[in-house]
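Here the structure is laid out as structure tokens; the discussion comes afterwards.
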Amino acid sequence: MITAYIALGSNLENPGLQLQRAVDDLDSVPGVNVTGVSKLYVSKPVGPQDQPDYCNAAVEIQTSLEALSLLDALQEIENNHGRVRTIRWGARTLDLDMILYGDQVIESERLVVPHYQMHVRNFVVLPIFDINPDLLLPSGKALVQFKNELGSDGIEILAEQYPWL
Ligand code: ROI
């Protein structure tokens, strides 16, 4: 079993509900068990500003799936939530990003873990910190160090405890 962390984001069509349903969808994937869920956050868009605020959260899972099979499962859930890929960094109904997959470092065409922008995104780091404040990255760096560097500009807690809504 591998412990992995998935970041969730949505800014269209009832974002909080999109994320809540996505947690349940993930837990029902064969070979995936959700073992931790963060608080629910609302955050200002990073990237183009002419789009709605985001809801963000993260989950910890235990999985028997290979990394690329897990990626397939995440993309299938995104598609089931009506995700359409139009403009880069544009609004979306559901984004599921694999942030960490055990302590593996993967740099393939389809998948890069640890996620290459996690250290600049407080909407990724804060939710994972909720679940595991002692987490160490494959580099040996502590998650809390990212959290302290990033601060909490542009992000607020919407709900403390899953189920959030
Ligand atoms: N901004 C915020 N606040 N939250 C996100 O989940 C998010 N996702 C993205 C981009 C467009 C980069 N901006 C975001 O993909």
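What follows draws every value from the coordinates through simple rules; no lab data is involved. Not measured: the values here are computed from a predicted model. FYI the Cβ positions are ideal-geometry reconstructions off the backbone, even for glycines, and counts take in every protein chain you see.
At a glance:
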{"item": "Among Ile131, Leu150, Ile77 - extreme Cα towards positive end, dipole of region 57-150, charges at beta-carbon", "result": "Leu150"}
{"item": "Values of log10 I(q)/I(0), in the order q = 0.33 Å⁻¹, for region 117-162 under a Debye, Cα-only, solvent-free model", "result": "-1.36"}
{"item": "Dipole magnitude (debye, nearest 20) for region 1-117, charges at Cβ of Lys, Arg, Asp, Glu", "result": "340 debye"}
{"item": "Efficiency of FRET between Val120 and Val84 - r from beta-carbon atoms, R0 35 angstrom, step 0.05", "result": "0.85"}
{"item": "Anchor Lys147: aspartates and glutamates whose Cα lies under 13 Å away (excluding residues fewer than 8 positions away in-chain)", "result": "Asp130, Asp134"}
{"item": "Sites matching trypsin sites (Lys or Arg not before Pro) across region 1-108 that sit in DSSP coil, with at most 11 neighbouring C-beta atoms within 10 Å", "result": "Arg85, Arg88"}
{"item": "Inter-site label distance for Ile106 and Ile2 at 7 Å from Cα along Cβ, in nm", "result": "0.4 nm"}
{"item": "Within a Gaussian network of the chain (alpha carbon springs, distance under 10 Å), most fluctuating of Ala57, Ala22, Ala142", "result": "Ala142"}
{"item": "Residue-count net charge about Pro138 - beta-carbon cut-off 12 Å; Lys, Arg +1, Asp, Glu -1", "result": "-1"}
{"item": "Qualifying GluC sites (Glu not before Pro) in region 36-144, DSSP loop, other Cβ atoms within 10 Å at most 13", "result": "Glu66, Glu109"}
